[in-house]
Amino acid sequence: MAEKNNSIVEESKENPLGTQKVGTLLHRFALPSIVAMLVGSLYNIVDQFFIGRSVGALGNAATNISFPLSIACVAIALLFGIGGASAFNISMGKGQLIPAERQKAVYFMGNALCMMVVCGVILCSVTQFFLNPLLLFFGSSQEVLGYAGTYTRIVSLGFPFVIVATGGGHLIRADGRPGFTMICNIVGAVINTVLDAIFVFGLHGGMAGAAWATVIGQVISGSLAIWFLCHCRTVRLQWKHIRPVACYVRRIMALGAAPCANQLAMMIVQIVMNKSLKYYGSLSAYGESIPIACVGIITKVNQVFMSFVIGISQGLQPIVSFNYGAGKYARVKAAYMRALVYGFALAFTAFLLFQIFPHQIVSIFGQGSAEYFRFAENYFHIFLFFTFVNFLQPISSNFFTAIGKPTRGILLSLTRQIFFLLPLLVILPTIMGIDGIMYAGPVADLMAAVASIALAACELRRREYREAKPTLSE
């Protein structure tokens, strides 16, 4: 990386984050974020499709067993990606008033990139050395263990790259280039899809073929992200900015803790759910494998919907962070409220699809027994009943992170998964059997939505928002 005399690139005009209409900005930043998230979801969906069509239900169950490790990668990516992007944008926003703040921004970007690579290598190493114990801990049965081991050992080689591709996308977006984030993810996903068809159907590679297709796509996406970060528009990364500095890393982790905590909570819940599905499934007419296979498919289908919501929340982040740092509170509130409107429209559409077409959705990923489809349809109808309010928690949690209030963001991010869903997953099945797992979902969703409304309402009642004067740019 070439050394530059100045780490900050001087801009000839005021930053558009503080001047353009928030609706225009949200479209500009959210749409590429949505596409990037959708493409990320396609990695799992595509593997699920090809594995389901070639290996069958046991293969789908195997990908669900390894899914906690994929969630761990996303957790690390969000910890340093969103944390670094938020710190970067807040510093750039404050730089409008305090020029010295702009000098700090580049360190947040460089330190975030370094930590993503380091943590990715560590996670890959741990997975390679402790593969079977991890998979058994995640809830694998003996008949699924071989499939899960083959798939996970290969996929783990791509962990550093998928973390950089996902987390680096937030840093690229913070630099004001959301379209480049989309390019990184689309290229990797297209390559993954093409290679899946070749390796799984053409070469009959099974689980290993799907895994290698995923790794190759992730390596290319991660490499592109690193290249874009080395050619930023608003700052110039130097080696001194990449070397970790404790004060910058702490600030990044504080701001990224909320989305990271949400992912870690999802990982814990996924592990508990896998174990519960295995145990209570064995006591039901469905058996051990059917519930795990069905939930794996439905979870990843639901991720497609959540990709839209999370994409909106990520597109909101640079707008809110910059304007909050610049003291433009009316723009902060306007952007947040508009994001909620978009989120509701998407959530209600997903609710209708899940309630009306569950059989058709599951059929995309292969055929199964009558019990297989009965469980899948019931899970769609019950567990995902409150899908239409599930936009509130991720958008509100990321809003608090974006304005530099990570404690509230963390609290909100833990509401659904840890405070509500996890206890319900433990308690309700003891009363209702495997049906208790299904009913835990809607109860947790509703309670998390209420908590989101309460915390957001308290924030928006603060004097800064009430006294802020709207402008034409909003």
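The values are calculated or read from the model by the stated rules, or taken from the named source; none is laboratory data. Computed from a prediction, not measured in an experiment: that's the story for all the values here. Methodologically, a virtual Cβ is constructed for each residue, glycine included, from the backbone with ideal geometry; neighbour enumeration extends over all protein chains shown. Accessible surface areas use protein heavy atoms only, side chains included; no ligands, DNA or RNA. Shrake-Rupley method; radii C 1.70, N 1.55, O 1.52, S 1.80 Å.
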Exercise for the section: Spot the failing condition for Met337; the list is (1) touching a residue at least 40 places away in the same chain (Cβ under 8 Å); (2) open to solvent by 20 Å² or more (accessible area, probe 1.4 Å); (3) under 21 Å from Ile403 (Cβ atoms); (4) assigned to a helix (DSSP H, G or I), and only one is missed. Expected result: (1)
Handout entry: Complete set of residues in the range 35-47 that are at pLDDT 70 or above, open to solvent by 20 Å² or more (accessible area, probe 1.4 Å) and closer than 22 Å to Ile297 by Cβ
Key = Met37, Leu38, Leu42, Ile45
Exercise for the section: State whether one or more residues within the range 243-255 are modelled with pLDDT under 80 and in a helix (DSSP H, G or I). Expected result: no
Exercise for the section: Test Tyr372 against the criterion of being part of a helix (DSSP H, G or I) and either at pLDDT 85 or above or open to solvent by 70 Å² or more (accessible area, probe 1.4 Å) (or both), and give yes or no. Expected result: no
Problem - the range 134-143, residues that are assigned to a helix (DSSP H, G or I), closer than 18 Å to Ile71 by Cβ and not aromatic (Phe, Trp, Tyr) - result: Leu134, Leu135, Leu136
Problem - Residue within the range 341-351 that is modelled with pLDDT under 90 and not hydroxyl-bearing (Ser, Thr, Tyr) present - result: no
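Which ranges mark the helices (runs of 4 or more DSSP H) fully within the range 380-449 that have 1 or more residues being aliphatic (A, V, I, L, M) and over 30 Å from Phe80 (Cα atoms)?
The helices (runs of 4 or more DSSP H) meeting that bar are 422-432.
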Practice task
State yes or no: is Ala345 in a helix (DSSP H, G or I), over 30 Å from Lys94 (Cα atoms) and free of Cβ contacts under 8 Å to residues at least 12 places away in the same chain?
Solution key: yes
Practice task
Answer yes if at least one residue in the range 73-91 is part of a helix (DSSP H, G or I), open to solvent by 40 Å² or more (accessible area, probe 1.4 Å) and either within 30 Å of Lys275 (Cβ to Cβ) or in contact with a Leu (Cβ under 9 Å, 6 or more places away or on another chain) (or both), and no otherwise.
Solution key: yes
Fill in the blank from the handout: Only one of (1) more than 30 Å from Asp445 (Cα to Cα); (2) assigned to a helix (DSSP H, G or I); (3) not β-branched (Val, Ile, Thr) does not apply to Pro259, and that is (1)
Handout entry: Test: Asn111 is open to solvent by less than 50 Å² (accessible area, probe 1.4 Å) and within 20 Å of the chain's Cα centre (by Cα)
Key = no
Practice task
Tell me, please, whether a residue that is touching a Lys or Arg at 6+ places or on another chain (Cβ under 6 Å), modelled with pLDDT under 70, among the β-branched types (Val, Ile, Thr) and surrounded by fewer than 24 Cβ atoms within 10 Å (Cβ to Cβ) can be found in the range 8-24.
Solution key: yes
Completion exercise
The one condition Val295 fails out of (1) surrounded by 24 or more Cβ atoms within 10 Å (Cβ to Cβ); (2) not in a helix (DSSP H, G or I) is (2)
